[in-house]
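Read-outs: derived from the displayed coordinates by stated rules, not from any lab. What you are looking at is a predicted structure, and each value in this text was computed from that prediction instead of being measured. Cβ: placed from backbone, ideal geometry, glycine included. Neighbour counts: every protein chain shown.
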Amino acid sequence: MSKINKFFDGVVKEFKKVSWPTQKELVDNTIITVVFSIILSLFIFGVDQLYSTVLEVIYQ
């Protein structure tokens, strides 16, 4: 049982060392991630459509 207590004491100490982001930083980073993901998915969709069109023309 003492090993378990020691483990959780260590976890609590490590969590106190963590530099947690502020709410504004968290929201800003989330927005950046979502926007970048949308842009990247649109780019991949566009490239896929272009390849599909080119291959369709070649194989007809």
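Here TRP20 passes the criteria (1) exposed (fewer than 10 other Cβ atoms within 10 Å of the Cβ); (2) part of a helix (DSSP H, G or I); (3) among the aromatic types (Phe, Trp, Tyr) except the one numbered (2).
The residues on offer are ILE4, ILE38, ILE31, and the sole one that is loosely packed, with under 10 Cβ neighbours inside 10 Å and among the hydrophobic types (A, V, I, L, M, F, W, C) is ILE4.
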